[in-house]
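Peer 1: Pasting a structure below so you can have a look.
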Amino acid sequence: MGDPLVFAHRGSSADLPEHTLAAYLRALDEGADGLECDVRLTRDGHLVCVHDRRLDRTSNGTGLVSARTLAELEALDFGSWHPGCAPADGDEPPDESHTRLLTLERLLDAVLAAGRPVRLLIETKHPSRYGGNVERRLVTMLRRYGLAEPGPDDPVRVTVMSFSPLAVRRVHDLAPALPTVLLLEVLPGWLRLGRLPFGARIAGPGIALVRARPQLVPALRAAGNQVYVWTVNEPADLELVLDAGVDGIITDRPAQALARLAR
Ligand code: G3P
Ligand code: CA
């Protein structure tokens, strides 16, 4: 088995504000195989890369992302909260790649301009709240970019993830060629350790689950699934998932994982 893929979780988000263009470009510079992002819908139906339901933690706004229009969100600062954005004495303030809201379109444009193969792991958030619109709009956008039916030699290969079996099934029904990840925070009672249900090809257990269940990764793989683990930031966890033989490592520190793999 070859080295696992290294995915930058929300970009190189230990060093720079998560989900900003700067964090993603840093990850590409560091040599990450792929980028992870979360998407949710604005009030006027645009897909934006924001993890939290609310604006308060990662911007100078307050309230729900879904209650704001794209134009309102574009006026906010999504970077200055992060220590990696604090200008040292005499330095210029961070440019807008560090502070501007990232739309999924801008991320796709950046990935397509990377000049090398890049994988993109897109997680849809809160599918029940949006009644399937996130997945429908996502697949429509991926079709427009020619990314919904990926081929092995395509420079950009998209995989869609969700904690919601319903969302995974929906993406599979809308675009059967798109690989999907069923994310797992705990092991649900209904999950059998055979081939994954809902059309998912990849299991996405959290690192806490992998620590608690050392046989989980080998069992999922033996049943013919791939396994991507999140969020692997600590050196001891990196060793754990490498020993377990995972297919993908999702981390806030892609440079650390790549150095461990001597890449
Ligand atoms: O990559 C999967 C992981 O991102 C899921 O958790 O909360 O970081 O979106 P969260
Ligand atoms: Ca995520």
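The values are calculated or read from the model by the stated rules, or taken from the named source; none is laboratory data. Computed from a predicted structure; not experimentally measured. Positions of Cβ are generated from backbone atoms using ideal geometry, with glycine treated the same way; all protein chains shown enter the neighbour counts.
Peer 1: Farther than 30 Å from Arg116 by Cα, more than 16 Å from ligand 1 (Cβ to nearest atom), at pLDDT 95 or above and not charged (D, E, K, R), is that true of Leu64?
Peer 2: yes
Peer 1: Among the residues of the range 63-72, count how many are in a helix (DSSP H, G or I) and in contact with a Gly (Cβ under 9 Å, 6 or more places away or on another chain).
Peer 2: Looking only at that region, the number is 2.
Peer 1: Does the range 37-57 include one or more residues that are under 24 Å from Arg253 (Cβ atoms) and of a type in the set (Lys, Arg)?
Peer 2: yes
Peer 1: For the range 1-44, which residues satisfy the criterion of being touching a residue at least 12 places away in the same chain (Cβ under 8 Å) and charged (D, E, K, R)?
Peer 2: Within the range 1-44, Asp3, Arg10, Asp15, Glu18, Arg26, Glu30, Asp33, Glu36, Asp38, Arg40, Arg43, Asp44 meet the criteria.
Peer 1: Which pairs turn up if I take residues in the range 170-191 that are closer than 21 Å to Ala223 by Cβ and look for partners that are within 16 Å of ligand 1 (Cβ to nearest atom) and assigned to a loop (DSSP other than H, G, I, E, B) with beta carbon separation below 7 Å, at least 6 apart in sequence or on another chain?
Peer 2: Final answer for the pair search is Pro179/Arg201; Thr180/Ala200; Thr180/Arg201; Val181/Ala200; Leu182/Leu196; Leu182/Ala200; Leu183/Phe163; Glu185/Phe163.
Peer 1: Using the structure shown, decide if Glu36 is among the charged types (D, E, K, R) and within 16 Å of ligand 2 (Cβ to nearest atom).
Peer 2: So Glu36 passes the test.
Peer 1: Further question: Which one of these does Ala200 not meet: (1) crowded, with 20+ Cβ neighbours inside 10 Å; (2) over 26 Å from Leu166 (Cα atoms); (3) small (Gly, Ala, Ser)?
Peer 2: Condition (2) is where Ala200 drops out.
Peer 1: On to the next question. Looking at the range 224-245, which of the residues that are under 21 Å from Gly199 (Cβ atoms) and buried (at least 18 other Cβ atoms within 10 Å of the Cβ) is farthest from ligand 2 (Cβ to nearest atom)?
Peer 2: That would be Asn225.
Peer 1: I'd like the full set of residues that are surrounded by 17 or more Cβ atoms within 10 Å (Cβ to Cβ) and outside any loop (DSSP other than H, G, I, E, B), limited to the range 73-96.
Peer 2: Leu73, Gly84, Cys85
Peer 1: Identify all residues within the range 93-128 that are within 16 Å of ligand 2 (Cβ to nearest atom) and among the basic types (Lys, Arg); write none if there are none. Can you show your working first?
Peer 2: Keep residues of the range 93-128 that are within 16 Å of ligand 2 (Cβ to nearest atom), which gives 102, 104, 107, 119-127.
Answer for the range 93-128, where residues must be within 16 Å of ligand 2 (Cβ to nearest atom) and among the basic types (Lys, Arg): Arg119, Lys125.
Peer 1: OK, next. Yes or no: the range 115-128 includes at least one residue that is part of a helix (DSSP H, G or I) and either in contact (Cβ under 8 Å) with a residue 40 or more places away in the chain or surrounded by 20 or more Cβ atoms within 10 Å (Cβ to Cβ) (or both).
Peer 2: Checked the range 115-128: at least one residue is part of a helix (DSSP H, G or I) and either in contact (Cβ under 8 Å) with a residue 40 or more places away in the chain or surrounded by 20 or more Cβ atoms within 10 Å (Cβ to Cβ) (or both).
Peer 1: Here's a follow-up. Restricting to the range 5-18, count the residues that are crowded, with 24+ Cβ neighbours inside 10 Å, more than 13 Å from ligand 1 (Cβ to nearest atom) and of a type outside the set (S, T, N, Q).
Peer 2: Residues that pass the stated criteria total 2.
Peer 1: Determine whether Leu47 is more than 13 Å from ligand 1 (Cβ to nearest atom), touching a helix residue (DSSP H, G or I) at 6+ places or on another chain (Cβ under 9 Å), free of Cβ contacts under 8 Å to residues at least 40 places away in the same chain and of a type in the set (A, V, I, L, M, F, W, C).
Peer 2: When the stated conditions are applied, Leu47 does not pass them.
Peer 1: Please indicate, with yes or no, whether at least one residue in the range 32-43 is surrounded by fewer than 17 Cβ atoms within 10 Å (Cβ to Cβ) and either within 21 Å of Val139 (Cα to Cα) or within 16 Å of ligand 1 (Cβ to nearest atom) (or both).
Peer 2: The answer is yes, given that some residue of the range 32-43 is surrounded by fewer than 17 Cβ atoms within 10 Å (Cβ to Cβ) and either within 21 Å of Val139 (Cα to Cα) or within 16 Å of ligand 1 (Cβ to nearest atom) (or both).
Peer 1: Only one of these conditions is not met by Gly2: (1) under 20 Å from the mean Cα position of the chain (by Cα); (2) surrounded by fewer than 21 Cβ atoms within 10 Å (Cβ to Cβ). Which number is it?
Peer 2: If we test Gly2 against (1) under 20 Å from the mean Cα position of the chain (by Cα); (2) surrounded by fewer than 21 Cβ atoms within 10 Å (Cβ to Cβ), just (1) comes out false.
Peer 1: Which residues, counting only those in the range 106-127, are in contact with a helix residue (DSSP H, G or I) (Cβ under 7 Å, 6 or more places away or on another chain) and modelled with pLDDT of 95 or more?
Peer 2: Arg106, Leu107, Ala110, Ala114, Val118, Leu120, Ile122, Thr124
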